[in-house]
1. Considering (1) closer than 21 Å to residue 29 by Cβ; (2) within 13 Å of ligand 3 (Cβ to nearest atom), say which one residue 134 fails and leave the rest.
2. Just to be sure I understand, how many residues within the stretch 323-382 are among the β-branched types (Val, Ile, Thr) and in contact with a Lys or Arg (Cβ under 7 Å, 6 or more places away or on another chain)?
3. Of these, 255, 308, which one is surrounded by fewer than 20 Cβ atoms within 10 Å (Cβ to Cβ), touching a helix residue (DSSP H, G or I) at 6+ places or on another chain (Cβ under 8 Å) and part of a loop (DSSP other than H, G, I, E, B)?
4. Tally time: how many residues in the stretch 93-110 are surrounded by fewer than 17 Cβ atoms within 10 Å (Cβ to Cβ) and within 15 Å of ligand 1 (Cβ to nearest atom)?
5. For the stretch 267-302, enumerate the residues that are surrounded by fewer than 19 Cβ atoms within 10 Å (Cβ to Cβ) and at pLDDT below 75.
6. Tell me the residue from 126, 143, 130 that is more than 16 Å from ligand 2 (Cβ to nearest atom) and assigned to a loop (DSSP other than H, G, I, E, B), please.
7. For the stretch 66-102, enumerate the residues that are within 16 Å of ligand 2 (Cβ to nearest atom) and either among the basic types (Lys, Arg) or in contact with a helix residue (DSSP H, G or I) (Cβ under 7 Å, 6 or more places away or on another chain) (or both).
8. Condition first: within 16 Å of ligand 1 (Cβ to nearest atom) and buried (at least 20 other Cβ atoms within 10 Å of the Cβ). Now tell me which residues in the stretch 1-41 satisfy that.
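The values are calculated or read from the model by the stated rules, or taken from the named source; none is laboratory data. What you see is a predicted model; the values in this text were computed from it and never measured. Here the Cβ positions follow ideal geometry from the backbone for every residue, glycine too, while neighbour counts run over all protein chains shown.
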Amino acid sequence: MRAMTYRGPYKLRVEEKDRPRIEHPNDAIVRVQLAAICGSDLHLYHGMMPDTRIGHTFGHEFIGVVDEVGSSVQSLQVGDRVMVPFNIFCGSCWFCARGLYSNCHNVNANATAVGGIYGYSHTTGGYDGGQAEYVRVPFADVGPVKIPDWMHDEDAVLLTDAAATGYFGAQLGEIAEGDTVVVLGAGPVGLIAAQSAWLMGAGRVIVVDHLAERLEKARPMAHAETLDYDEHDDIVVELKRQTDHLGADVVIEAVGAEADGNCLMHVAGAKLKLQGGSPVALNWAIDGVRKGGTVAVVGAYGPVPNAVKFGDALNKGLTLRMNQTPVKRQWPRMFEHVRNGHLTPREMVTHRFPLEAIADAYHVFSAKLARCIKPLILPSAS
Ligand SMILES: NC(=O)c1ccc[n+]([C@@H]2O[C@H](COP(=O)([O-])OP(=O)(O)OC[C@H]3O[C@@H](n4cnc5c(N)ncnc54)[C@H](O)[C@@H]3O)[C@@H](O)[C@H]2O)c1
Ligand SMILES: [Zn+2]
Ligand SMILES: [Zn+2]
């Protein structure tokens, strides 16, 4: 089969690889119909994630057709069209029993923190991902869901991560009625976080980024006020000025460890890898939220980011909430919101690439060229 493979930082190829096989009776093999590139894939692409091995196939957002099932699979049949959450999880361990699907204890021999993720290096289990013609789906009775007839394929693929993560970020914010919610980052995750904040009772939603096309998208798509941090000497001061000088009730951090906005920290942290990333956005969140407020972090961080203003968070009495998204837990309510048009994930899709052009797709998305917000990958178009 054809599959995207990692060849080193900023180097990807599409190569011939063995078609995945059933390795366990509860596996399924899915023929991928539509995949996406996530902001998280950029951390792999940039060589920021440890133990990203040569030859690894990325891709944790995908939908497709069940091509083969293992002997114990009961809920799926060959031919079913499925959407697959980015988490690989067993559904029955202590953590899964409590809905912590992203922290499943049975799927990742390499870590005690994160569970399994498709195509996300050996730090999350070493599973090959869905930017390929076929993918092996473990625990096929647990993760995948048949795509409802009414659901658009592009909404379905975005619900497997980006949209679910935005919604989860808003949920982690514990928004109370009338709250002022600031969303840092207007990528796919931040845009859906901003839409979701209204559904959870926000009175005001302010989105911060520095890419004009993304802020332009945030206004009609999420009815948000927008701030370009490049236009302000100190974005935290500006946020305070706009929120009675007290700060926002809730800040959702949808940026992660490769944040821009403080050149020194970005170069020292993200580029030279001295600090396990650059906590600029995290610190803006801690500084920009009011005392006693909540910071919800869905932006991705490595294990040890330094120079986080932890003492300020403590002294302000903040609530910090974070996790990788337990995607399937969000789906029942999200399906209703998508069906009713309250959440519109596919509105942020700007680009569609055939699998054979995936190296271009990564370059365009990573360098934020051509007003790219969310690129999709079409394996069959190749
Ligand atoms: N927790 C999870 O389960 C989960 C799931 C998906 C994505 N993520 C993470 O969420 C983050 C966002 O994902 P995405 O797909 O939207 O990525 P993206 O790269 O498309 O978007 C990130 C946005 O942040 C902006 N930005 C950079 N520095 C900033 C700063 N200091 N302040 C405000 N904005 C800033 C960028 O201009 C960009 O628009 C990434 O770190 C990704 O790894 C986490
Ligand atoms: Zn992702
Ligand atoms: Zn589990």
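1. The number of the failed condition is (2).
2. The first filter runs over the stretch 323-382 and keeps only residues among the β-branched types (Val, Ile, Thr), leaving 325, 327, 338, 344, 349-350, 358, 364, 373, 377.
From what is left, the residues that are in contact with a Lys or Arg (Cβ under 7 Å, 6 or more places away or on another chain) are 349-350, 373.
So the answer is 3.
3. 308
4. Residues flagged as surrounded by fewer than 17 Cβ atoms within 10 Å (Cβ to Cβ) and within 15 Å of ligand 1 (Cβ to nearest atom) within the stretch 93-110 amount to 1.
5. The answer is 268, 271, 272, 273, 274, 275, 276.
6. Details: 143 fails: more than 16 Å from ligand 2 (Cβ to nearest atom); 130 fails: more than 16 Å from ligand 2 (Cβ to nearest atom).
Sole residue among the options that is more than 16 Å from ligand 2 (Cβ to nearest atom) and assigned to a loop (DSSP other than H, G, I, E, B): 126.
7. Taking the stretch 66-102 as the starting set, the residues that turn out to be within 16 Å of ligand 2 (Cβ to nearest atom) are 83-89, 101-102.
The answer is 83, 85, 86, 87, 89, 101.
8. Answer for the stretch 1-41, where residues must be within 16 Å of ligand 1 (Cβ to nearest atom) and buried (at least 20 other Cβ atoms within 10 Å of the Cβ): 35, 36, 37, 38, 39, 40, 41.
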